[in-house]
1. In whole percent, how big is the carbon plus sulfur part of the accessible area of the stretch 32-143, probe 1.4 Å, protein atoms only?
2. Less than 13 Å Cβ to Cβ from Tyr282, Lys/Arg counted +1 and Asp/Glu -1: what total charge do the surrounding residues give?
3. Say a paramagnetic label sat at a point 7 Å from the Cα of Ser130, along Cα to Cβ; which residues of the stretch 160-174 have their backbone N under 20 Å from it?
4. Select from Leu256, Leu49, Leu293 the residue whose mean-square fluctuation is largest in a Gaussian network model of the chain (Cα-Cα springs shorter than 10 Å).
5. Compute from the Cα atoms of the stretch 51-167 the Rg and the Dmax, the latter being the longest Cα-Cα distance, and quote both in angstrom.
6. Can you list, by residue number, the Cys in the chain that have no neighbouring cysteine C-beta under 4.7 Å?
7. By its C-alpha gyration tensor, with a ≥ b ≥ c as the square roots of the eigenvalues, how is the stretch 1-107 shaped: rounded for a/c under 1.5, else prolate for a/b larger than b/c, else oblate?
8. With all distinct Cα pairs included, what does the Kirkwood hydrodynamic radius of the stretch 184-305 come out to in Å, to one decimal, could you say?
Amino acid sequence: MSVADRKTVGRFAPTPSGKMHLGNIFCAMIAYLSAKKNGGEFLLRIEDLDAARCPKENADAVIRDLETFGFEFDGEIIYQSRRTDVYKEFENRLAKLGLVYPCFCSRAELHASEAPHIGDGVYVYDGRCSLLSEEERRERAKKKKPCLRVKVPDSETVFEDKFKGRYAQNIKKECGDFIIRRSDGVYAYQLAVVADDALSGVSEVVRGEDLISSAPRQLWLCEVLGLEKPAYAHIPLVTGAGGRRLSKREGDGDTLAEVMSRKSPKEITGALAFASGLIDKYEPVSLAELVPLFDFDKIKKTHIAVDL
Ligand code: GLU
């Protein structure tokens with residue numbers, strides 16, 4: 001059975017490291033509307049892999065906000081922080097394929113190397129630790145806990161995004177062998193997302209366009225693990241009036257809680273639906289009312305500016 005024959009299973013997968021802002025709720029909204037328009041299911045997954053950065057009260061606040069907006073979730077809420085065994089199993093499967101190796105390089109070493117920087121302290125890794133002998137690995141492991149990386153192919157991964165169209169990436173050249181488990185034992189986003197989407201039968205991933213460069217790594221993991229691949233839709237980011245970047249910091253006025261202190265969920269939903277092109281004129285509207293009106297083709301291709 002191909003993805004096209006299955007009923008849509010969508011999901012929203014926030015990382016509760018801070019407060020939600022309008023961009024997060026917009027993403028949840030589009031993922032929800034697309035799934036519901038097709039008579040499908042919608043799941044909520046809390047991506048609190050890094051438990052130290054994602055306290056439970058943040059997750060509780062996210063869930064409360066979503067419920068206030070009228071989101072209804074199918075199945076149990078998944079908490080990634082409770083699923084280490086699942087990710088371990090996927091790590092083992094990759095290891096059996098001979099794709100996993102320990103990496104002892106420090107951030108400082110990578111920083112000092114010629115490797116291109118791809119953001120947030122992440123470099124295109126040249127694979128040097130894959131060349132270590134077993135003996136060298138044992139020696140190094142006495143002094144330093146390694147992270148785990150996967151060996152990626154030096155070829156293009158291509159997919160058709162529902163929103164952005166064709167997207168191609170050579171994972172080796174643009175990301176390098178990437179981390180699946182950090183040296184402190186915390187599993188990485190790329191592995192966890194693939195494991196969870198596959199195990200919960202997610203058929204459609206809707207998320208912000210800032211994550212499109214992760215999709216080839218996730219598709220490649222699906223491929224080598226023999227998992228069914230979801231369809232992807234990477235949607236434009238929401239900005240404030242005039243293209244101003246939204247802030248997740250409390251006090252700047254952009255967090256959902258702050259906007260909700262001034263506006264009702266229906267007003268916010270209406271403003272997002274109008275700004276994105278789902279409705280032709282602004283009016284307060286509920287999520288349920290938007291379901292029959294939903295169509296990916298209506299959504300603007302550029303960033304979505306909302307003035308609240
Ligand atoms: N947890 C990610 C975030 O909040 C989204 C992951 C995904 O949708 O694949 O940015």
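1. 48
2. -1
3. Taking a point 7 Å out along Cα→Cβ of Ser130, the residues of the stretch 160-174 whose backbone N falls under 20 Å are 169-174.
4. Highest fluctuation of the listed residues: Leu293.
5. Looking at the stretch 51-167, its Cα Rg and Dmax stand at 19.7, 57 Å.
6. Lacking a cysteine Cβ partner under 4.7 Å: Cys27, Cys54, Cys105, Cys147, Cys175, Cys222.
7. Oblate shape, in that a/c is at least 1.5 and b/c is the bigger or equal ratio.
8. 16.8
The values are calculated or read from the model by the stated rules, or taken from the named source; none is laboratory data. All figures in this text were calculated on a predicted structure; none of them were measured in a lab. Here Cβ is always computed from backbone atoms with ideal geometry, including for glycine, and neighbour counts include all displayed protein chains. Keep in mind that these areas ignore ligands, DNA and RNA; they rest on the heavy atoms of the full protein, side chains included. Shrake-Rupley method; radii C 1.70, N 1.55, O 1.52, S 1.80 Å.
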